[in-house]
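Participant: Structure below; questions to follow.
The values are calculated or read from the model by the stated rules, or taken from the named source; none is laboratory data. Everything numeric in this text was worked out from a predicted model, so none of it was measured. Don't worry about glycine lacking a Cβ; one is built from the backbone with ideal geometry, like all the others, and counts go over all protein chains shown. For accessibility, only protein heavy atoms count, side chains too; no ligands or nucleic acids. Shrake-Rupley method; radii C 1.70, N 1.55, O 1.52, S 1.80 Å.
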Amino acid sequence: MEKKKTTLTYRIIEPIVRAVYPRIQFLGLENKPDEPALYIGNHSQNNGPLSCQFYFPGRKYIWTAGAMFKLKDVPDYAFQDFWSFKPKRSRWLFKIASYLIAPLSVCIFNNADTLPVYRDARGLATFKKTISALQDGADIVIFPEHNCKRSNIIYDFQDKFIDVARLYHKKTGKALPFVPMYIAPKLKQVHLGKPTYFNPDAPMDEERERIRQYLMTEIEAIAYTLPAHTVVPYRNIPRKDYPQNTPLEAKPHEETCG
C-alpha cells in the first residue's frame, strides 16, 4: 500500500500535537505477532487514536470514521460522537467547537496513518485497502466500541470488522491474528493481550461472536489487573462520572444502549 504524501500544514501540526500529548508506553509486546495483525482496543475518546498514531510499535493504519475526512461532514459527526452527552447547558458551546475543529480534522485525518471507514457501499474499499496494507506488512488498529455500555471498562464492540479476516484468508490462505489492546491514558500505558486467530472452518456468525467476546473479555481482564486508575470511557461524559478499574463495578453483558 502506497504511503501517504503529507501536506506542509500537517508536517507543522503533527510535532506540536506530539509534543503536548503525554508519551505513552506500549507494554505486553511479547504478545505482538510476528505477522501483520488487527489490534483491537477501547477508544478512550481521542486517546486511542493519538496513542497509536504517535507510539504504536511498527507500521500501522488506524480505522477512522469517513465523516472525519470531509469538511462538510465533520461538524455533525463530531458533535454526535464527541460531545452529545455533555450537560445540556453547555452543548451550544460544543456545537460551535464542532465547526471550529472541522478544518483541523480534515487536515489531520487525511494525512495521518488512517484508513477511512464507511457504512455504505464504500465500505468495500475500506476492506480492500485494509487487506492491501496487511499484505504489505502493516498492522491495522481498530476501535470498534459503539454507544452500548457493557461494563465500567468498555462499551460493546461492533463485529463487522472481523469479516476482514475471512477476506484476508481467502486471498492469502493465512489466519489473521486479533490482538486485544487496553488503552489506559491515566497510567500513560497501552497493554497488548494475547492474540486469538481467525478460524476459517467455523461458521462466520459464530466466529464473529467468538472473536468479539474474546476481545472484550480480554481487554476487561487486562484493565482489572492494573493498578487502580480512572478509566477514560468511550462516551465524552462529565469527568466526575468516569469509572474506576475495579472489578466490583463491572457488570459484564448487562448492556445499556442509548
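Participant: Using the Kyte-Doolittle scale, which helices in the chain average at least -1.0 and also have C-alpha atoms spread 24 Å or more along the helix axis, with helices defined as whole DSSP H runs?
Facilitator: Within the chain the helices that satisfy the rule are 204-225.
Participant: Here's something else I'd like to know. For the stretch 17-164, take every pair of Cα atoms, bin their distances at 5 Å starting from 0, and report each bin as a whole percent.
Facilitator: Going out from 0 Å in 5 Å bins, the stretch 17-164 shows 2, 8, 16, 20, 22, 17, 9, 4, 1, 0, 0 percent.
Participant: On to the next question. Over 29 Å apart: what share of the alpha carbon pairs of the chain falls there, rounded to a whole percent?
Facilitator: 29 percent
Participant: Using amide H atoms built in the peptide plane, which far-off residues or other-chain residues are under 5 Å from VAL141 H to H?
Facilitator: TYR39, TYR61, ILE62, TRP63
Participant: What ranking do 232-240, 157-165 get when scored by the average of other Cβ atoms within 10 Å per residue, highest first?
Facilitator: Per-residue mean Cβ counts within 10 Å order the peptides as 157-165, 232-240.
Participant: Hey, another quick one. Compute the separation of the alpha-carbon centres of the stretch 147-215 and the stretch 1-68 and state it in Å as a whole number.
Facilitator: Rounded to whole Å, the Cα centres lie 18 Å apart.
Participant: Which whole-number percentage describes the relative contact order of the stretch 12-91, with Cα contacts under 8 Å and a sequence gap of 6 or more?
Facilitator: Computed value for the stretch 12-91: 22 percent relative contact order.
Participant: Would you mind putting 173-179, 116-122 in packing order, based on average other-beta-carbon counts within 10 Å, highest first?
Facilitator: 173-179, 116-122
Participant: Lysines near LYS128 by alpha-carbon distance under 17 Å, same-chain residues fewer than 8 away left out - which ones?
Facilitator: LYS3, LYS4, LYS60, LYS160, LYS170, LYS171, LYS174
Participant: I want the local charge near TYR55. Using Cβ-Cβ distances under 14 Å, sum +1 for each Lys or Arg and -1 for each Asp or Glu among the other residues.
Facilitator: +3
Participant: Any idea which of PHE69, PHE161, VAL179 is furthest toward the positive side of the dipole for the chain, if Lys and Arg beta-carbons carry +1 and Asp and Glu beta-carbons -1?
Facilitator: The residue sitting most towards the positive pole is PHE69.
Participant: If you don't mind, there's one more thing I want to ask. Of all beta bridges DSSP finds with both residues in the chain, what is the antiparallel percent, to the nearest 5?
Facilitator: 40 percent
Participant: In whole percent, what relative contact order does the chain give with Cα contacts below 8 Å and a gap of six or more residues?
Facilitator: 28 percent
Participant: What accessible area per residue, rounded to a whole number of Å², is obtained for the stretch 76-208 using a probe radius of 1.4 Å?
Facilitator: 48 Å²
Participant: Exposed loop GluC sites (Glu not before Pro) only (DSSP loop, at most 12 other Cβ atoms within 10 Å): please give the longest stretch of the chain free of them, not including the sites.
Facilitator: In short, 3-253.
Participant: Could you compute Rg(Cα) / (2.2 N^0.38 Å) for the stretch 1-64, with N its residue count?
Facilitator: Computed over Cα atoms of the stretch 1-64, the ratio equals 1.24.
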